[in-house]
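S.K.: Can you keep this structure in mind? I'll have questions shortly.
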Amino acid sequence: MNLLRIGAAAAGLLLAPLGFAQSYPSKPVTLVVPFAAGGGTDIVARLVAERLREPLKGSVIVENRPGASAQIGNRYVIESAPDGHTLLVGTTSLINGPALFPKLPYDAEKQLRPVASLADLPIFLAVSTKHSVKTVREFIDMAKKSNNLNYASAGPGTSLHMASEWLKMNAGFQATHIPFKGSAGAVVALAGGQVDFSMENLGPVAPMVQQNRVRLLAVASHERHPHVPDVPTLGQSGLPDVNLATWIFLMAPAATPDAVVSLLNRTVNEILARQEMKDKLLEQGFVGTGGSIEAMQKRLKDEAVLWGTVIRTAKITIE
């Protein structure tokens, strides 16, 4: 009789996660964006949320919790109930956090788990047309001879700032960082010739490219961008084949049940596979990603090493 009871108890434990997944969601699902409304991360979150409502048969809302370089939103999700109803729309900043902020009040690697990869926002090497260079090789030669170039970024510690530092390290030249409060100011300075180059997203810089005030030399991704197929990748231009894109993904509190995480991963991948969703993301400059949780775990680890190396080598600090 005792053995029967033990067996029944064990079976109950095995079936508990399945039962939990079958009853999920039992209340509205909240996608927490640790940035203000209207930005790229917010746009992607709302596109996904809108399409999650039908398969989840419930309400899916987006909640913006900006501040402290995304730490407020990140911590809110980490401290939420691990039941799949509160998810973080994270970005590369979550990966960079430990290297940029050694005294973080949380450990994202241990306290969050990957759910789904949503999208990449590719980064381009853009130069002012005051320079005649038309290829990456010509640009590097100019940069090495000058040793006095400057570059703009959307701010210290951003993906765009660190992508420029990666470029300097791997191309072997020096340049001075001119930080701005967002891409708008950086692109204006680039188009006006006040700075020589910038690693920038396509959306903010595209109008200046059309006006022939800025030239795109390469995209820092494994494949060319569908909107500008004539622009080669950095790998095709003689530099390491690398993906420096700003990455947007879903994370959940670490103790969230496997069954719920698997359900969300499968559902999001189905959404991202739709041509309509691919087109919507491309309209905003994003490339949909998707993929397995295992692939996401590997990318998180690989990018932590990549950006940690850049941050330490370039001695990037946030004041």
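Every read-out reported here was derived from the displayed coordinates using simple, explicitly stated rules and does not represent laboratory data. If you're wondering where the values come from, they're calculated on a predicted model, not measured in any experiment. For neighbour counting, all protein chains shown are included, and Cβ atoms are generated from backbone atoms with ideal geometry for every residue, glycine included.
S.K.: Give region 30-70 a look and list any residue that's closer than 18 Å to MET251 by Cα and part of a loop (DSSP other than H, G, I, E, B), or say none.
M.R.: PRO34, PHE35, ARG65, PRO66, SER69, ALA70
S.K.: Next up: For region 53-88, give me each residue that is under 12 Å from LEU112 (Cβ atoms) and among the aliphatic types (A, V, I, L, M).
M.R.: Answer for region 53-88, where residues must be under 12 Å from LEU112 (Cβ atoms) and among the aliphatic types (A, V, I, L, M): VAL77, ILE78, LEU87, LEU88.
S.K.: Next question. Restricting attention to strands (runs of 3 or more DSSP E) lying wholly within region 196-253, give those where 2 or more residues are touching a residue at least 60 places away in the same chain (Cβ under 8 Å) and small (Gly, Ala, Ser).
M.R.: Those strands (runs of 3 or more DSSP E) do not exist here; none qualify.
S.K.: Now, a different point. Kindly indicate which of GLN236, GLN194, GLN210 is under 30 Å from ASN269 (Cβ atoms) and over 19 Å from the mean Cα position of the chain (by Cα).
M.R.: GLN236 is the lone residue from the list that is under 30 Å from ASN269 (Cβ atoms) and over 19 Å from the mean Cα position of the chain (by Cα).
S.K.: Would you please name the residue that is surrounded by the fewest Cβ atoms within 10 Å (Cβ to Cβ), looking only at residues in region 274-306 that are hydrophobic (A, V, I, L, M, F, W, C) and more than 17 Å from PHE249 (Cα to Cα)?
M.R.: Of the residues in region 274-306, the ones hydrophobic (A, V, I, L, M, F, W, C) are 277, 281-282, 286-287, 293, 295-296, 300, 304-306.
Next, only the ones that are more than 17 Å from PHE249 (Cα to Cα) stay: 305-306.
Details: VAL305: 10, LEU306: 19.
For region 274-306, the residue satisfying everything is VAL305.
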